[in-house]
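Some notes on the structure that comes next.
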Amino acid sequence: MKSTEKAVNLMIGLIDFSLTVIAFLIAYFIRSQVLQTENPLFGLLSYTWILLVFIPSMFISLYLFGFYDSKKTSKHLRLRLLKAFGICALISSSTVFLTRDDAFSRLLFFLFLGIDFCLLFAEKLILRRFFTAKIRDNVGATRVLAVGDPEKVKETMEKIRREQDLIFHVVGYVSLTDESGLGNVEQLQELVIEHTADQVFFFLPKDWAGNIEPYLQKCEELGITARLLLDWYRLPLSKTELSYLGDSPMLTFHTVSLNQSQLLLKRAMDILGGLCGVILTGLLSLIIAPIIKLTSPGPVFYSQERVGQNGRIFRIYKFRSMYADADRRLEELKQYNELSGAVFKMKNDPRITSVGKFLRKTSLDEFPQFWNVLRGDMSLVGTRPPTVGEVAEYERYHRRRLSIKPGLTGMWQVSGRNDITDFEEIYQLDVQYIDHWSLTLDVKILFRTVWTVLVGKGAE
């Protein structure tokens, strides 16, 4: 997973850069506004040239002392950071001396060094504890179903963990020949669903080369990433790539993007959007909450179990737009379902309150879902989050739409959702999004969503 490591290091580098700029701004503010002396500072831009020297030397020093190597960052953190900063300070101060810039404030420079060191030290400490906790507790770990000999699997996975800080949690083993472990490979799809697996690792002997294709197709049908620990076998499937777990070569077959840099940027967009959305939701609550309480009995917020990525169950949150007994009345209304397939939609649903009609028309009821986005249950853009009951009615191939996180908006929401009468159309839109996903597509959908909400199109 070298691409993952590169993507993580890129993100850490961006954080280091941002914290260094912030440290400089804080130091300038303290020196110019708090620690005023007889020699006032010039404008901010007069001193920013030091960043052009400091930042490159900082990146080189941090790299040399192992801060962008997952195998080293957990040892002697403070000492290594002090050494790295010593080199940065020496190079920067030497530059000031050589340029003979007498107007450069030494107090500003040392304030900057001290603040930047504290910020970066805090960041590295948080990252170390974060990754250590994830590796120890398997929190947020990729859930792996391993097919093959358990002893070979354990030996390989232990080697990978020794070599790289890769966060994988093997949920169980599937036998190629008998019923040992969780079961036989013939039960692969049922086991993937039952154990909420994100990926399937095949640890295969050579004599299985001609037998593996049907099982890869089963993973493909579910939208589950499959990895073969083989360096001599090729399968002519789309989106096939040679990747590595540590030093172990694997063929990877995937139906969703594994571009870690873009996925990290997507998550960064989700966090930023989630933070803004949660703040906006809090402000809206001051107006919407009293109206909901005054017009119908029940809580302000409605929560319901939904099915997320690869079958994970989470609770979705909305402003309540229905009467409190809406879930109990669903069964009696199913005969009026206007959509065919595993989803319920009814025009003039009697369970919707008068205020709820307005909330749905303006999509204001959806705003609490920004909390789900911030938590990581959902993304800003993705597939429609189905209910547990809807997923129970899925055909096997429908589960492919669960191979990514559900979204606050998506292709269905911006494609005239009230004009769609067949669940298969929703499925095709979701698969189209999965197969052609890019950050550019996400941005386009977000802009189209804003326009759709502003003109009140497609929401009821």
Roughly speaking, what is the stretch gain from Lys444 to Tyr63, that is 0.36 nm per residue apart minus the C-alpha to C-alpha distance, in nm to one decimal? 133.5 nm
Using 24 Å as the Cα-Cα cut-off, could you pick out the over-long pairs in Lys83/Lys266; Lys266/Lys357; Lys361/Lys444; Lys159/Lys218; Lys347/Lys444? Lys83/Lys266; Lys266/Lys357; Lys159/Lys218; Lys347/Lys444
Non-local amide H neighbours of Ser248 (under 5 Å, H modeled in plane, Pro and chain starts lacking H): which ones? none
Under 5 Å, built H, 5+ apart or other chain: amide partners of Thr225: Val200
Between Leu90 and Asn184, what is the FRET efficiency for a Förster distance of 51 Å, r being their Cβ-Cβ separation, to the nearest 0.05? 0.20
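Under the 0.36 nm per residue contour assumption, what length would be gained going from the current alpha-carbon distance of Glu213 and Leu294 to full extension?
Full extension from Glu213 to Leu294 adds 23.2 nm.
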Once amide H atoms are placed 1.01 Å from N in the peptide plane, what residues at a sequence separation of 5 or more from Gln304, or on another chain, have their amide H within under 5 Å of its amide H? Ile316
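What is the extension gain from Lys83 to Thr48, computed as 0.36 nm multiplied by their sequence separation minus the C-alpha to C-alpha distance, in nm to one decimal?
Taking Lys83 through Thr48 to full extension adds about 10.2 nm, to one decimal.
Read-outs throughout are calculated quantities, based only on the coordinates presented, and are distinct from any laboratory measurement. Computed from a predicted structure; not experimentally measured. Cβ atoms come from the backbone with ideal geometry, glycine included; neighbour counts cover every protein chain shown.
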